[in-house]
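Just so you know, all these numbers are worked out from the coordinates, no wet-lab data involved. Every value quoted in this text rests on a predicted model; they were computed, and no experiment measured them. So basically every Cβ, Gly included, is an ideal-geometry build from the backbone, and we count neighbours across all protein chains shown.
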Amino acid sequence: MQKSVLVTGCSSGIGLESALDLKRQGFNVLAACRKAEDVARMQELGLTGVLLDLDDP
């Protein structure tokens, strides 16, 4: 059974690099981003993009 992991902050930087590394290790990666266009980019990278914004308006 493939393990899944949720990584936040996947739009760039450490979050993105962590998500890509975990994917290379065989994990199913749920890549959380605040913007819809970043979620679409996660799909292009082979990750499962998730729209997640925890800001309190």
* Asked: Out of residues 5 or more away from residue 49 or on other chains, whose amide H comes under 5 Å of its own, with H placed 1.01 Å from N in the peptide plane?
  -> 31, 43
* Asked: So what are the ³J(HN,Hα) numbers for the stretch 38-45, from phi and the Karplus equation (6.51, -1.76, 1.60; θ = phi - 60°), rounded to whole Hz, Gly and Pro as x?
  -> 6, 4, 4, 5, 4, 4, 4, 8
* According to the Kirkwood expression over distinct Cα-Cα pairs, how big is the hydrodynamic radius of the stretch 1-42, in Å? -> 10.2 Å
* **Burial order of peptide ranges 14-21, 39-46, 25-32 (average beta-carbon count within 10 Å, highest first)** => 25-32, 14-21, 39-46
* To do: Would you grab the residues whose amide H sits under 5 Å from the one on residue 9? Only those 5+ places off in sequence or on another chain, please, with H modelled 1.01 Å from N.
  => 32
